[in-house]
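Asker: Below are the structure tokens for one structure; questions will follow.
Derivation of every value follows stated rules applied to the coordinates shown; laboratory data play no part. Worth saying up front: this structure is predicted, and the values here are computed from it rather than measured. Virtual Cβ from ideal backbone geometry, glycine too; neighbours counted across all protein chains shown.
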Amino acid sequence: MKNLTYLLIIFFVFSSCQDVIELQVPNAKPRLVIDASLNWFNNTSGNNQTIKLFLSAPFFNDQIPPAIGANVFVTDQNNSVYNFIDSNNNGLYECFNFSPVLNEKYELTIIFNGETYVGKETMTSVTPIDYIEQNNDGGFTGEEIEIKAFYTDPVAEENYYFFEFQEEFETNPFLEVYNDVFTNGNQIFAFYSNEDTKPGNELSINNYGISKQFYEFMYLLLQQTSDGGGGPFEVQPATVRGNCVNQTNPENFPFGYFRVSQASNIVYTIE
């Protein structure tokens, strides 16, 4: 009799697992998502820039819809206007005559669906990377490869840093932000480690000069992820406001950020 009872319990357990559970996920009204990072890399003119605009989508959507039909332009302190055009109707708005100037103030304007969005930022200088150091005995196992990108923080300045590390096999970069609260004027390093790293892989390291406001924005975003990987403008567990404001309808605020940075790039081959 006991064996029969056990068999009946197992039967009902496995039978109940066949039921389909439909999750009711609330769908919020789509918001404009702004990925406006104007980067002036070393040894480039900085003339070619791209601003990405798309719409927020339900969590289980496979595709993110682009924001098409927007009027996008950036204005500098001298009232020079740089127009960004979406020639391919894919949400990528391009400009080929942007003029980057250190410490210049820029204002982004986006007119989309009858509403005007504005963001303001100053082009921040970058501290170049001095050298790369590799350790092959890192991690808990003592077998992981660790990379340190050393840079010298300027004395008597308040500086903030945004690093992107991306190996050739990775889809998304590994992101880190740093400040100089306890390291002002010293040589310090940005850190990267990946259990899948192998000798011979190329590692692209980007360093951006950023404002305090962007540092705080990215710091909050990265705290919401288990690691630094992934795009900062993907679905967020909690709402983090950027520096772009909807002047027409403040309640319909956008996601994302407008950033203007001097940047440096180094490609390092893992040894």
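Asker: Considering (1) charged (D, E, K, R); (2) outside any strand (DSSP E or B); (3) touching a strand residue (DSSP E or B) at 6+ places or on another chain (Cβ under 8 Å), say which one K148 fails and leave the rest.
Answerer: (2)
Asker: Assuming E133 fulfils every condition listed in (1) part of a strand (DSSP E or B); (2) within 29 Å of T50 (Cβ to Cβ); (3) without any contact (Cβ under 8 Å) to a residue 60 or more places away in the chain apart from one, which condition is it?
Answerer: All conditions are met except number (2).
Asker: A follow-up question, please. Checking the condition without any contact (Cβ under 8 Å) to a residue 24 or more places away in the chain and within 21 Å of Y208 (Cβ to Cβ), which residue from T171, T183, T141 passes?
Answerer: Within the list T171, T183, T141, the selection yields T171.
Asker: Please verify whether E121 is in a strand (DSSP E or B) and more than 21 Å from the chain's Cα centre (by Cα), treating the condition exactly as stated.
Answerer: Against the criterion (in a strand (DSSP E or B) and more than 21 Å from the chain's Cα centre (by Cα)), E121 does not qualify.
Asker: Within the set of pairs 6+ apart or on separate chains, which have a first residue in region 105-116 that is free of Cβ contacts under 8 Å to residues at least 60 places away in the same chain and surrounded by 14 or more Cβ atoms within 10 Å (Cβ to Cβ), a second that is of a type in the set (S, T, N, Q) and in a strand (DSSP E or B), and C-beta atoms under 9 Å apart?
Answerer: Going by the 9 Å Cβ cut-off, the qualifying pairs are E107/T75; T109/N71; T109/T75; T109/T116; I111/N71.
Asker: Taking the condition of being in contact with a strand residue (DSSP E or B) (Cβ under 6 Å, 6 or more places away or on another chain), in contact (Cβ under 8 Å) with a residue 24 or more places away in the chain and not acidic (D, E), how many residues in region 83-101 meet it?
Answerer: Selection size over region 83-101: 8.
Asker: Among what's in region 175-209 and is part of a loop (DSSP other than H, G, I, E, B) and small (G, A, S), pick the residue that is nearest to E146 (Cα to Cα).
Answerer: Ranking the candidates gives G200 first.
Asker: Could you go through region 148-171 and let me know if any residue there is of a type in the set (K, R), under 16 Å from E133 (Cβ atoms) and over 13 Å from the mean Cα position of the chain (by Cα).
Answerer: Scanning region 148-171 turns up at least one residue that is of a type in the set (K, R), under 16 Å from E133 (Cβ atoms) and over 13 Å from the mean Cα position of the chain (by Cα).
Asker: Got a sec? Which of P154, P173 is surrounded by fewer than 19 Cβ atoms within 10 Å (Cβ to Cβ) and either within 30 Å of T75 (Cα to Cα) or not hydroxyl-bearing (S, T, Y) (or both)?
Answerer: So the residue among P154, P173 that is surrounded by fewer than 19 Cβ atoms within 10 Å (Cβ to Cβ) and either within 30 Å of T75 (Cα to Cα) or not hydroxyl-bearing (S, T, Y) (or both) is P154.
Asker: Now, a different point. Do we find that T127 is buried (at least 18 other Cβ atoms within 10 Å of the Cβ) and under 23 Å from the mean Cα position of the chain (by Cα) in this structure?
Answerer: yes
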